[in-house]
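Heads up: the structure comes next, in structure tokens.
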Amino acid sequence: MKIVVLVKQVPDTSAKVNIRSDGSDVDQESISLVTNPYDEYAIEEAARIKKANVGSTITIISIGGEKAADVIRNGIALGGDEGIHIKNQAKLDAIATAQVLAKVVGEIKPDLILCGKVAVDDGWGAVPPMLAEYLDIPHITAVKKLDLNGNAITAEKDFSTGSAKVESPLPCVVTCEKGLNEPRYASLMEMMKAKKKELKVIDVGSLGIAEVGTSIIETLKLNYPPERPAGKVLQGDLSAQVKELAGKLK
Amino acid sequence: MDIWVILELAPSGVEGQVKESSLEAVSAAGKLGGTVKGIIFEGDFSSEGYAEALSAAAKEKSPAVIVGATNPISRDYLPRVAAKLGSPYLPDCTGIENISGDEITVSRPLYTGKLVSQTKVKGKPAILTFRPKAFAPGAAPSETIKITAKTDGVRAKIKEIVADVKKKLDVAEAEVVVSGGRGVGSADGFKVLEELAAAMGGAVGASRSAVDFGWRPVSDQVGQTGKIVAPKIYIACGISGAIQHWVGIQNAKTIIAVNKDPEAPIIKKADYSIVGDLFEVVPLLTKEFKS
């Protein structure tokens, strides 16, 4: 089974994000970078599938600047066999990203493409279904359970006010929801081994994709969310506080 | 210039009743200028089936913008539509800032709500989904277009749907959310929150801790790696209010905190706080709303 796992490097969710003085972008220097939390479920799922299907291979792919190599190596430490770093500095919108990945992933011809359901920086969640469209394969999003049956998969996901079981032939793009599995931690030895692994590096420009130069989505300005006015801590005995609160809410 | 609004039907069982979040998207569509037309899908949902059908209709009729509510289903198939059409796609928009020719500037959160961005999209049709509760609901458009979901050639298919009878209301769409965190202590502890939610006609949410402990399902999680909610009333019980939870609730109209710990970060930030044992406070509050 050939598995591709797409990973993205994003700011740590616990970190404060500061806006640059010109309001156009975040202050990149101050941010601590991590693997997108939802991608961790993708890496873990790939590792489990590989364990259950001897002879499987996992390729970890990321698009990004120099530092993106860290998340690829992290994926290798957790079970990836090889890594591809598509080097890119400029902002790419989802279509451009999906086109780039379609070119690179298309050459690998994997059976399964796993990724997180959404990246916590832009919140688009758009690339995986777009990638599936460009590769002309099906996709299933926000999967909370995944089973392999030969050349097909059965996935479970939240649907409307309940759950749905979705079946799909392979190859397929699957995006991972929190709770799909319990991501493991890499051992020190695995991390050190991954540090030495040579990654395949591709310059995004060399792929010759037109959308990379243009952008149909542009961030014009960034602001902090409006401050809420200071709140009130109610006083008095509990039942009086509850009555006061109920009065305000009704 | 046509603006298409995807009208999703409420799972209330009432024939033809459109979801509130779709009617909110109608309001947003109204701000774009042009003629607003409702899109109603017929046939069972599949990612490819909906994507193919909507793309084909859009290619044929050339709407300027396609608009909908942000939810897991729209997030599933609309990107595929965008890929087919070469369209800019942005989910989770919270406002419309500017329209100029085929360029639309919207506001939407970034970094799970830590920042708000003004983002411009260029292209026809632009595909935009709006965050529930960012707009007041509007009246359903008088003109609707029925689109039949494709079935031929669909590869990923739903085989079975299991409804959760207990859950009628998505936490991201409820007017009132009663939410519990580590302070609730157990799955059983959530019973008092469920009773308050029922009395107030709301949904029960959970912090990441409560979900990670296995007390509540992932779909109830509110916060940075869960759902971002903007209800009229958000009652946080036994939740400390760290930044990761706060970004998920900061857009609520009124935030209430019930917590034993007077030093909990949420106590200062909430609009109203009661320092006390939630197992004492919440039942008292339920009584107030039952009467």
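Nothing in this text is a laboratory measurement; each read-out follows from the coordinates by a stated rule. Keep in mind it's a predicted model, so treat the numbers as computed, not measured. Cβ sites come from the backbone with ideal geometry, for glycine too, and all protein chains shown count toward neighbours.
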inquiry  = What does the net charge come to around A:Ile72 if you take all other residues with beta carbon closer than 15 Å to its beta carbon, with K and R at +1 and D and E at -1?
reply    = +1
inquiry  = I need the peptides A:59-72, B:183-196, A:19-32 ranked by packing, meaning the mean over residues of other C-beta atoms within 10 angstrom, with the highest value on top.
reply    = A:59-72, B:183-196, A:19-32
ask   = Quick one: which of A:73-84, B:52-63, A:184-195, A:120-131 comes out on top by average Cβ neighbours within 10 Å, and what's the full order, highest first?
value = A:120-131, A:73-84, B:52-63, A:184-195
note = Residue-ordered couplings for the stretch B:97-106, obtained by feeding phi - 60° into the Karplus form 6.51 cos²θ - 1.76 cosθ + 1.60 and rounding to whole Hz (Gly and Pro as x), are 9, 6, 10, 8, x, 9, 10, 10, 9, 10
B:Thr35 long-range amide H proximity, modeled H, under 5 Å = B:Asp2, B:Ile3
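When only Cα pairs under 8 Å and 6 or more residues apart are kept, what is the percent relative contact order across the stretch B:1-60?
Reported as a whole number, the value is 38 percent.
Counting Lys and Arg as +1 and Asp and Glu as -1, what is the net charge of the other residues whose Cβ lies under 9 Å from the Cβ of B:Thr70?
Here the charged neighbours net out to +1.
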Amide proton proximity set for B:Ile145, modelled H, under 5 Å, gap of 5+ = B:Gly38, B:Ile39, B:Ile40
ask   = Which angle between 0 and 90 degrees, to the nearest 10, do you get for helix A:94-108 versus the longest principal axis of chain A when only C-alpha atoms count?
value = 30
query = If the cut-off is a Cα-Cα distance under 20 Å, which lysines reach A:Lys165, setting aside same-chain residues fewer than 8 apart in sequence?
reply = A:Lys117, A:Lys144, A:Lys145, A:Lys157, A:Lys178, B:Lys150, B:Lys157, B:Lys159, B:Lys166, B:Lys167, B:Lys168
inquiry  = Straight-line reach only, C-alpha to C-alpha below 16 angstrom: list the aspartates and glutamates that A:Lys248 could link to, leaving out same-chain residues fewer than 8 apart.
reply    = B:Glu175, B:Asp271, B:Glu288
remark   = If one compares the long axis through the Cα atoms of helix A:238-249 with the longest principal axis of the Cα atoms of chain A, the angle in degrees, nearest 10, works out at 70
ask   = Within 10 Å of each Cβ of A:161-171, how many other protein chain Cβ atoms are there on average?
value = 6
query = Of the lysine pairs in the stretch B:231-291, how many meet both conditions: Cα atoms under 22 Å apart, and a spacing of 8 or more in sequence or different chains?
reply = 10
query = Taking θ as phi - 60°, what are the ³J(HN,Hα) couplings along the stretch B:256-271 by the Karplus curve (6.51, -1.76, 1.60), each to the nearest whole Hz, with x for Gly and Pro?
reply = 10, 10, 10, 8, 5, 8, x, 8, 4, x, 6, 4, 6, 7, 5, 5
remark   = If amide H atoms are modeled at 1.01 Å from N in the peptide plane, then the residues at a separation of 5 or more from B:Glu8, or on another chain, having amide H under 5 Å from its own are B:Lys19, B:Ser22
query = How many percent of DSSP beta bridges within the stretch B:59-163 run antiparallel, rounded to 5?
reply = 60
inquiry  = Just to check I understand the Karplus step: with θ = phi - 60° and J = 6.51 cos²θ - 1.76 cosθ + 1.60, what whole-Hz values come out for the stretch A:7-15, glycine and proline as x?
reply    = 10, 10, 8, 9, x, 4, 5, 8, 8
ask   = Average partner chain C-beta neighbours within 10 Å, per residue of B:263-275?
value = 4
message = I'd like the distance between the alpha-carbon centres of the stretch A:69-136 and the stretch B:187-260, rounded to an integer number of Å.
response = 33
remark   = Taking the reciprocal of mean 1/r across every pair of different Cα atoms in the stretch B:38-180, the Kirkwood radius in Å is 16.8
query = Mind checking the mean number of beta-carbon atoms from other chains within 10 Å of the Cβ atoms in B:82-95?
reply = 5
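What does the charge count around A:Lys196 come to, taking other residues whose C-beta lies under 12 Å from its C-beta (Lys +1, Arg +1, Asp -1, Glu -1)? Working shown, then result.
Numbers: positive: A:Arg73, A:Lys193, A:Lys195, A:Lys197; negative: A:Glu190, A:Glu198.
Value of the local net charge: +2.
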Helix axis angle, B:278-290 relative to chain B longest principal axis, alpha carbon, degrees = 60
